[in-house]
Amino acid sequence: MWRRALAVAVLALAVVGGPRPAAAAELGPRYEHKETRDLVALVTEAADLVQTQGEAAFSDFRATGSRWRQEATYIFVLDLQGNMLVHLDPAMEGRNQLDLKDINGKPIILGLLQAATAVPEKQEGWFHYQWPIPGGILPRWKSSYVRLAIAPSGKRYVVGSGVYNDRMERMFVVDEVNDAVNLIERHGDQAFARFHDPTGPFLVKDSYIFVIDPSGIERVNPAFPNLEGRDLLDLKDAQGKPVIRSMFKAVESADAGWVDYMWPKPGESVSTLKSAYVRKAKWGDKWFLVGCGVYLADAPKAQRPAGEMTAPKLATLVREGAAVFERKGEKAYPEFRKKGAKWFHGDTYFFVWAMDGSREFHAADATLEGRNGRTVKDALGRPYGQMFLEIAASPAGEGWIHYMYPEPGGIFPIWKSVFLKRVTFPSGKQHLIGCGVYNLQIDQAIIKDVVDRAAALVAERGKGAFGALRDKTGPFLFMDTYVFVDSPDGIELVNAAQPSLEGKNVSDLRDLSGKAVAREYLALALRDGEGWVEYHWYKPGQNTPSLKRTYVRKVQAGGETYIVGAGICAD
């Protein structure tokens, strides 16, 4: 019902008049990429056609091979109630599509309608969501441009088209900031929750809204929520630039401006050149700095020295440490606390927990000793303390856990991979020991570990394990790695990273080289029980394919056969 109410609100906001978008020849200053300019020009001309010819233009838009319908670029038309009147897919035409959502739960049709009607004086705009290319089933980021068109009959339509593109235009973030400022100036800090909403319009690809108060306190940062509430006024980027002070200076006289600085993409630790548009939002006698940034194509990244520690080396180090603890127990603590020794170098150090979660030893931060870590969570809400204890209590008694945690002295949570092992001290008391590495290169050993653990869970619980495999805060989804489960005939049963695939037959999916990917790994697992395959695949949320190596295993549970797998993408 709420969607219908919002559609009525959209209809009420759509008024005759308003500024017309720039002509195609005038789009250069607004948009950097020709692909974007061409799309805007196409939609502008289509909307003009509706305004002169009315509904008679719809048949032109449906003509295969016409300028309105070229491969993945096609014109669509909606009425303000959410009925799809023109679309490349005939099955979508003639139906109300207000309930249509993307894989993140974004209401696609409502977002498109609001982009063209929510602000009476701005009857055109962009909406970004994930949608498969024509004929495909993998959702990819799509940016759609829409315009309100008023036919000679007086009926109002939203005309649009989209482009599948990883690049964010500067004008996209300008629109997002302007919309966010409008929301704050109407609702104050009550608007902040909207910027965290993954189903809303403010989280797009690598872009997000951030809000800072005049004292430099970060009030909103959905990409790095651990920064919220912190004083960042004197924060400097990787090149020593005072980021927040530069933003304040940009809005000092003009109320808006651009600031370039080095900042990590969400989920990354290495900084990339970012260009942020910032504006003042005024609310009563208060004001906030509101911004959104774009990581430009081929933007330079800060260089991080390549680490020497690999997954096999770290696992070996922990097993060697376990032998020492089983022989010496607590008496080994001094040698594990010694910096520069085998057990403690750089950011690689050991910690010891009792099996009830009590931290008994921490080489890098003795202040943590004596505290219970059972309930601790990372910046993404992943309960890594509980995961530690589950690994230690497992039949294997060892394994990997991956979570986000700042480096010592750092502020950005980055991926840390820890290898854990259950040990028994000379006293007879069991403990877990662990050692971790930041930004560890995910390799085949880690992929095999996560698949083996998932397979064991499926073998034990059957379909009852699927909820745990889908849990985004659990151990089976981290970085670009996720577990999937297929039936022998190719039905995707579990895919937490790309849930739109669940329930679909993927056996005919092919990569860029034409390889029937799923058919190959299904045959391999059914024939040999396990094995590795290579193919080109898309990382979740990205439009550019990477070489992927995937490990699969056949699992029997309750008379059913399942294929469990996970992969690693080469950068």
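A few comments on the model shown:
- Residue in the range 476-496 that is out of contact with any Phe, Trp or Tyr (no Cβ under 8 Å at 6 or more places or on another chain), part of a helix (DSSP H, G or I) and surrounded by fewer than 21 Cβ atoms within 10 Å (Cβ to Cβ) present: no
- Filtered residues of the range 236-259 (kept if touching a strand residue (DSSP E or B) at 6+ places or on another chain (Cβ under 7 Å) and more than 15 Å from VAL290 (Cα to Cα)): LYS236, ASP237, ALA238, GLN239, LYS241, PRO242
- For the range 249-272, taking the residues that are hydrophobic (A, V, I, L, M, F, W, C) and surrounded by fewer than 18 Cβ atoms within 10 Å (Cβ to Cβ), the one that is nearest to MET479 (Cα to Cα) is identified as VAL270.
- Contacts under 6 angstrom Cβ, first residue in the range 264-285 being assigned to a loop (DSSP other than H, G, I, E, B), partner of a type in the set (Val, Ile, Thr), 6 or more apart: LYS265/THR272; SER269/ILE414
- From the list GLY17, GLY65, the lone residue that is at pLDDT 50 or above and on the phi > 0 side of the Ramachandran plot is GLY65.
- Cβ pairs under 8 Å, 6+ apart, first in the range 449-475 and within 14 Å of ILE401 (Cα to Cα), second in a helix (DSSP H, G or I) and basic (Lys, Arg): PRO475/ARG453
- Restricting the first member to the range 198-209 and to residues that are farther than 15 Å from TYR277 by Cβ, and the second to residues that are assigned to a strand (DSSP E or B), the beta-carbon pairs closer than 8 Å and six or more apart or on different chains are THR199/LYS101; THR199/PRO107; PRO201/PHE127; PRO201/HIS128; LYS205/HIS128; LYS205/TRP141.
- Residues of the range 31-69 that are free of Cβ contacts under 8 Å to residues at least 40 places away in the same chain, of a type in the set (D, E, K, R) and surrounded by fewer than 19 Cβ atoms within 10 Å (Cβ to Cβ): LYS34, ASP38, GLU45, ASP60, ARG62, ARG67, ARG69.
- When each of LEU113, LEU100 is tested for being aliphatic (A, V, I, L, M) and buried (at least 21 other Cβ atoms within 10 Å of the Cβ), the lone residue that passes is LEU113.
- Residue in the range 333-344 that is in contact with a strand residue (DSSP E or B) (Cβ under 6 Å, 6 or more places away or on another chain) and closer than 20 Å to LYS429 by Cβ present: yes
- Hits in the range 394-448 - residues which are acidic (Asp, Glu) and either surrounded by fewer than 18 Cβ atoms within 10 Å (Cβ to Cβ) or not assigned by TED's automatic domain parsing to the domain that holds ARG337 (or both): GLU407, ASP443
- The range 346-389: number of residues that are at pLDDT 95 or above and among the charged types (D, E, K, R): 6
- Filtering the range 459-475 to residues that are of a type in the set (Lys, Arg) and assigned to a helix (DSSP H, G or I) leaves ARG461, LYS463, ARG470.
- Restricting the range 437-447 to residues that are part of a helix (DSSP H, G or I) and out of contact with any Lys or Arg (no Cβ under 9 Å at 6 or more places or on another chain), the residue that is nearest to ASP347 (Cα to Cα): ILE446
- Check on PHE388, in a helix (DSSP H, G or I) and of a type in the set (Phe, Trp, Tyr): yes
- Filter pass, ALA72 being surrounded by fewer than 17 Cβ atoms within 10 Å (Cβ to Cβ) and free of Cβ contacts under 8 Å to residues at least 12 places away in the same chain: no
- Residue within the range 197-211 that is in a helix (DSSP H, G or I) and assigned by TED's automatic domain parsing to the domain that holds GLY257 present: no
- Looking across the range 156-167 at every residue that is touching an Asp or Glu at 6+ places or on another chain (Cβ under 7 Å) and of a type outside the set (S, T, N, Q), the one that is surrounded by the fewest Cβ atoms within 10 Å (Cβ to Cβ) is identified as VAL163.
- Residue in the range 311-329 that is assigned to a loop (DSSP other than H, G, I, E, B) and under 34 Å from the mean Cα position of the chain (by Cα) present: no
- The one condition in (1) assigned by TED's automatic domain parsing to the domain that holds VAL251; (2) surrounded by fewer than 23 Cβ atoms within 10 Å (Cβ to Cβ); (3) within 26 Å of GLU35 (Cβ to Cβ) that GLU176 fails to fulfil: (2)
The values are calculated or read from the model by the stated rules, or taken from the named source; none is laboratory data. What you are looking at is a predicted structure, and each value in this text was computed from that prediction instead of being measured. Cβ atoms come from the backbone with ideal geometry, glycine included; neighbour counts cover every protein chain shown.
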